[in-house]
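Asker: Submitted below is the structure of interest, expressed as structure tokens.
The values are calculated or read from the model by the stated rules, or taken from the named source; none is laboratory data. Since the structure is predicted, the reported quantities are computational estimates derived from the model, not experimental observations. Positions of Cβ are generated from backbone atoms using ideal geometry, with glycine treated the same way; all protein chains shown enter the neighbour counts. With ligands, DNA and RNA removed, areas are computed over all heavy atoms of the protein, side chains included. Shrake-Rupley method; radii C 1.70, N 1.55, O 1.52, S 1.80 Å.
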Amino acid sequence: TKPIDLFDVERKTRLKLYVKRVFITDDCGDLLPGYMRFVRGIVDSEDMPLNISREMLQNNPVVARIRAGLVKRVLGELKKKAEKAPEEYAQFWGNFGAVLKEGIYEDSANRERLIAIARFHSTAGDDLISLDDYVGRMKQGQTAIYYISGESVEALRKSPQIEAFAARGVEVLLLSDPVDEFWMPAVQSHAEKPFKSVTQGDLDLDAIATEAKDEDEAAPEDGVGDNDIDNLIALAKLTLKDAVKDVRVSARLTDSAVCLVADEGDLDMHLERLLRQHKRIAEGASRILEINPKHPLIRVLAKLVGKKGAADDLADAAHLLLDQARILEGEQPPDAAAFAQRLAGFMQKGVAT
């Protein structure tokens, strides 16, 4: 079970040290790394003097050997548990997985062992999977391990950024632990497959065949062409100005109208939110607003571009689309009153017609 102090900032381990069956201390932090603070037990050594002091324990070669042996033993037992009793191990991982992931970030010597026992949620189902499971199920033409990070697995399953991956049957890892933002850049790849966030940079999924829909299906007969979409994008850029870095057609969306993504060189959006919450950065970079050119709302708006008297409505629509994308990311519109006013105006016009 998860102890109440598991995420205490001091990250104290809970092993008691005995020498020749005589209690020495319960505060020897060098016996185990901080990411194994869930371990409880006793270490009894025959190789240290009974009069050893706390100062002598620091940087003691015997303690270092005990530590290396304990880490290897614990990881070995966890690997056996994962292989022989996966359901019980899944329960253990639910309680302590976030703590073990700290080790992937900070313990490079045991990184491969930790990655081997790490488990993840994904879009493939409700069961936890390993990275080897993911790589073994990669689609033909897929070159990266795709992931999305956020506050909860349930919210991530509904994220618009994974729609194109679902259409192609491409599995996406769902990462909801804050530590995921730190160990993944340190590891960078697994089995020679790089990690790539689905919310960052431009995506090229053309090499992966679409399963759910026929990409060659006929375009809607609404008279809206590529030029109309381009004009809508140009108008949105002029309206939103510095509120976004760019507005562009999306390769991620199949069902939703809009989403926000980070540029290739910018921080992942979830990591940026975490840093802002902890006052590590004052404000984040502007995001890219992506629109789905096949969505009915986008096509109706594109049809209005250039029509007399539609400029104000289109300007309000651009702001509403941006605020909608922010809400989907779990953020609040920066001007809630303006958002409510624009939304009420659109609802009034819609009901009136």
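Asker: When residues of the range 276-316 are filtered for being within 29 Å of the chain's Cα centre (by Cα) and either without any contact (Cβ under 8 Å) to a residue 40 or more places away in the chain or over 20 Å from Arg342 (Cβ atoms) (or both), how many remain?
Answerer: Going through the range 276-316, the residues within 29 Å of the chain's Cα centre (by Cα) turn out to be 276-295, 297-298.
From the residues that got through so far, the ones that are either without any contact (Cβ under 8 Å) to a residue 40 or more places away in the chain or over 20 Å from Arg342 (Cβ atoms) (or both) too are 276-286, 288, 290, 292-294.
Total satisfying the criteria: 16.
Asker: Output the number of the condition that Thr143 fails; it satisfies all remaining conditions of (1) hydroxyl-bearing (Ser, Thr, Tyr); (2) within 30 Å of Glu163 (Cβ to Cβ); (3) part of a helix (DSSP H, G or I); (4) open to solvent by 80 Å² or more (accessible area, probe 1.4 Å).
Answerer: Looking at each condition in turn, Thr143 falls short on (3).
Asker: Quick one: count up the residues across the range 107-117 that are out of contact with any helix residue (DSSP H, G or I) (no Cβ under 7 Å at 6 or more places or on another chain) and either open to solvent by less than 10 Å² (accessible area, probe 1.4 Å) or closer than 21 Å to Lys81 by Cα (or both).
Answerer: 1
Asker: Also: Residue under question is Asp230, and the condition is that it be open to solvent by 40 Å² or more (accessible area, probe 1.4 Å) and part of a strand (DSSP E or B); does it hold?
Answerer: No: the conditions fail for Asp230.
Asker: Also, I was wondering about something else. Restricting to the range 301-310, name every residue that is open to solvent by 70 Å² or more (accessible area, probe 1.4 Å) and in a helix (DSSP H, G or I).
Answerer: Lys303
Asker: Residue under question is Ile281, and the condition is that it be open to solvent by 20 Å² or more (accessible area, probe 1.4 Å), of a type in the set (Val, Ile, Thr) and within 25 Å of Ser197 (Cα to Cα); does it hold?
Answerer: Considered against the rule, which asks whether it is open to solvent by 20 Å² or more (accessible area, probe 1.4 Å), of a type in the set (Val, Ile, Thr) and within 25 Å of Ser197 (Cα to Cα), Ile281 comes out as yes.
Asker: I'd like to check something: does the range 68-80 contain any residue that is under 30 Å from Phe120 (Cβ atoms), charged (D, E, K, R) and open to solvent by less than 30 Å² (accessible area, probe 1.4 Å)?
Answerer: No, because not a single residue in the range 68-80 is under 30 Å from Phe120 (Cβ atoms), charged (D, E, K, R) and open to solvent by less than 30 Å² (accessible area, probe 1.4 Å).
Asker: Quick check on this structure: which one of Gly97, Gly103, Gly69, Gly76 is closer than 18 Å to Ile129 by Cα, out of contact with any Cys (no Cβ under 8 Å at 6 or more places or on another chain) and of a type in the set (Gly, Ala, Ser)?
Answerer: Gly97 is the lone residue from the list that is closer than 18 Å to Ile129 by Cα, out of contact with any Cys (no Cβ under 8 Å at 6 or more places or on another chain) and of a type in the set (Gly, Ala, Ser).
Asker: Something else about it: When you go through Leu260, Leu322 one by one, which is the residue that is under 29 Å from the mean Cα position of the chain (by Cα), crowded, with 20+ Cβ neighbours inside 10 Å and modelled with pLDDT of 95 or more?
Answerer: Of Leu260, Leu322, the one residue that is under 29 Å from the mean Cα position of the chain (by Cα), crowded, with 20+ Cβ neighbours inside 10 Å and modelled with pLDDT of 95 or more is Leu322.
Asker: Further, regarding this structure: If you take the residues in the range 118-127 that are at negative phi and at pLDDT below 95, which one is least open to solvent (accessible area, probe 1.4 Å)?
Answerer: By that ranking, first place goes to Ala124.
Asker: Another question, if that's okay. Tally the residues that are open to solvent by less than 30 Å² (accessible area, probe 1.4 Å) and without any contact (Cβ under 8 Å) to a residue 40 or more places away in the chain, restricting the search to the range 87-106.
Answerer: Count: 2.
Asker: Name the residue, out of Asn51, Asn60, that is farther than 23 Å from Lys2 by Cβ, over 20 Å from the mean Cα position of the chain (by Cα) and open to solvent by 90 Å² or more (accessible area, probe 1.4 Å).
Answerer: It is Asn51.
Asker: While we're here: Determine whether the range 26-35 contains at least one residue that is open to solvent by less than 60 Å² (accessible area, probe 1.4 Å), free of Cβ contacts under 8 Å to residues at least 24 places away in the same chain, out of contact with any His (no Cβ under 6 Å at 6 or more places or on another chain) and farther than 17 Å from Glu102 by Cα.
Answerer: no
Asker: Got a number for residues in the range 150-201 being polar (S, T, N, Q) and buried (at least 16 other Cβ atoms within 10 Å of the Cβ)?
Answerer: Result for the range 150-201: 6.
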